[in-house]
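Asker: I'd like to ask some things about the structure below.
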Amino acid sequence: MAARAPVASGRLLLGFRKWYYSMCGFNKYGLMRDDTIYEDSDVKEAVRRLPENLYNDRTFRIKRALDLSMKHKILPEDQWTKYEEDIHYLTPYLAEVVRERKEKEDWMKK
């Protein structure tokens, strides 16, 4: 007999995600999740493809976070990035870059 997952598990999982998001700490510097991705060649290409306004916003957030980190300070709590406000702005561009790279690698194999 298969057991059904309780209905509360979705809310519990969302609660855990929000807790983990706040415990990571990057939101206290005003950063978004995509600002913290390790910059390899794929990420650098995806950042290069960002529209100018997204690129400028990313640059501002990173510079502000570096400045705050050097001063051993964090933003006031009302300026922290909230879980609901964190959009994955870089992910679509990164997925496109990875897909193109894999397609190119496949063509080189043939």
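Asker: Do we have MET23 as over 19 Å from the mean Cα position of the chain (by Cα), on the phi < 0 side of the Ramachandran plot and not in a loop (DSSP other than H, G, I, E, B) here?
Answerer: Against the criterion (over 19 Å from the mean Cα position of the chain (by Cα), on the phi < 0 side of the Ramachandran plot and not in a loop (DSSP other than H, G, I, E, B)), MET23 does not qualify.
Asker: Also, I was wondering about something else. What number goes with the only condition from (1) assigned to a helix (DSSP H, G or I); (2) more than 16 Å from ASP86 (Cα to Cα) that GLU39 does not pass?
Answerer: With (1) assigned to a helix (DSSP H, G or I); (2) more than 16 Å from ASP86 (Cα to Cα) applied to GLU39, the lone miss is (1).
Asker: Within the range 77-110, how many residues are among the acidic types (Asp, Glu), part of a helix (DSSP H, G or I) and under 22 Å from the mean Cα position of the chain (by Cα)?
Answerer: Summing the residues that are among the acidic types (Asp, Glu), part of a helix (DSSP H, G or I) and under 22 Å from the mean Cα position of the chain (by Cα) in the range 77-110 gives 6.
Residue-by-condition table, conditions (1) at pLDDT 95 or above; (2) touching a Lys or Arg at 6+ places or on another chain (Cβ under 6 Å):
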site	(1), (2)
ALA8	no, no
LEU12	no, no
CYS24	no, no
PRO51	yes, no
ARG61	yes, no
ARG64	yes, no
MET70	yes, no
TYR83	no, yes
LEU90	yes, no
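Asker: Being surrounded by 15 or more Cβ atoms within 10 Å (Cβ to Cβ) and in a helix (DSSP H, G or I) is the filter here; which residues of the range 56-76 pass it?
Answerer: ASP57, ARG58, ARG61, ILE62, ARG64, ALA65, LEU68
Asker: Quick one: is LEU31 free of Cβ contacts under 8 Å to residues at least 60 places away in the same chain, closer than 30 Å to LEU13 by Cα and part of a loop (DSSP other than H, G, I, E, B)?
Answerer: Yes, satisfied.
The values are calculated or read from the model by the stated rules, or taken from the named source; none is laboratory data. Values in this document were obtained by computation on a predicted structure and should not be read as measured data. Every residue, glycine as well, gets a Cβ built from its backbone with ideal geometry; the counts of neighbours run over all protein chains shown.
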